[in-house]
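Everything below concerns the one structure shown next.
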Amino acid sequence: MRIISGYLGGRQIGAKLPEGIRPTTDMGREWLFNVLDNLVGVDGLLFLDLFAGSGVTGLEAISRGGNSHFVDKSKNSIDYIGKLVSAFELNNKQYSITRSDSIKFLSCTELIFDIIFIDPPYKTLLCKQSLDAISSRAVFDNSLIVIETQSFQRPNISAFELIKEKKMGNSIFFILKKKFLKSQS
């Protein structure tokens, strides 16, 4: 596993991952960030790495000029991400790390994220709960939402506009924006 592009491009994530972590593959991250670069670019944007796990997707955003906020409830994941940002000698203005239940975080944060990356553990309801929390909060009205989930676990995205979808191996990616009624536009 490595950082694909940007100023950290090629750097290996060599440490042993915490148990139960399923990081986004190099190929998946490469596709995702190529699409994001074409849509909005990442440079200067605030990227939320929700259910951060290894933190590699948020690190990819930092490498490409973004700032990342990592959220995970696992102490092992938070410690792992802390070791990586230290090993990469990142400036603490480039990132923040929060140990929290991701749904609770979405329900109460006032931070305005440009891109929200949701990659919950597979075979859970956390993707649905995340989308419900996002759709009910005005603070996320202009956020681009990216979901990575198991390919046969298609979430209900009817409250969102589908911008892009891509199946890669056992995973499927969705890039979404919130839908608005014409009277709200």
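The values are calculated or read from the model by the stated rules, or taken from the named source; none is laboratory data. The shown structure was predicted, so the numbers you read here are calculated from the model rather than taken from an experiment. No Cβ is skipped: glycine too gets one built from the backbone with ideal geometry, and neighbour counts run over all protein chains shown.
When the stretch 136-166 is filtered for residues that are charged (D, E, K, R) and over 15 Å from Y122 (Cα atoms), the ones remaining, listed by number, are R137, D141, E161, K164, E165, K166.
Filtered by the rule that a residue be within 18 Å of N67 (Cβ to Cβ), among the hydrophobic types (A, V, I, L, M, F, W, C) and touching a Gly at 6+ places or on another chain (Cβ under 6 Å), the stretch 2-51 gives I3, V42, L45, F47.
Within the stretch 72-124, take every residue that is within 17 Å of E19 (Cα to Cα), among the hydrophobic types (A, V, I, L, M, F, W, C) and in contact with a helix residue (DSSP H, G or I) (Cβ under 9 Å, 6 or more places away or on another chain) and give me the one that is surrounded by the fewest Cβ atoms within 10 Å (Cβ to Cβ). Among them, the one singled out is L84. F152: within 25 Å of E30 (Cα to Cα) and either hydrophobic (A, V, I, L, M, F, W, C) or in a strand (DSSP E or B) (or both), yes or no? Yes. The condition of being assigned to a strand (DSSP E or B) and surrounded by fewer than 16 Cβ atoms within 10 Å (Cβ to Cβ) holds for only one of L176, L162, that being L162. The sole residue among K104, K128, K123 that is among the charged types (D, E, K, R) and more than 22 Å from Q153 (Cα to Cα) is K104. When you look at D114, is it in contact with a strand residue (DSSP E or B) (Cβ under 6 Å, 6 or more places away or on another chain) and among the acidic types (D, E), yes or no? Here the answer is yes, as D114 does meet what is asked.
Among residues of the stretch 19-46 that are assigned to a loop (DSSP other than H, G, I, E, B), those with a beta-carbon under 7 Å from a residue that is modelled with pLDDT of 95 or more and surrounded by fewer than 16 Cβ atoms within 10 Å (Cβ to Cβ) at least six positions away or on a different chain give the pairs V42/G65; D43/G65; G44/G65. I'd like to know if the stretch 41-61 contains one or more residues that are loosely packed, with under 15 Cβ neighbours inside 10 Å, farther than 26 Å from K123 by Cβ, at pLDDT below 95 and not charged (D, E, K, R). The answer is yes; a qualifying residue exists.
From the list E89, E60, which residue is at positive phi and of a type outside the set (S, T, Y)?
Numbers: E60 fails: at positive phi.
Exactly one of E89, E60 is at positive phi and of a type outside the set (S, T, Y), namely E89.
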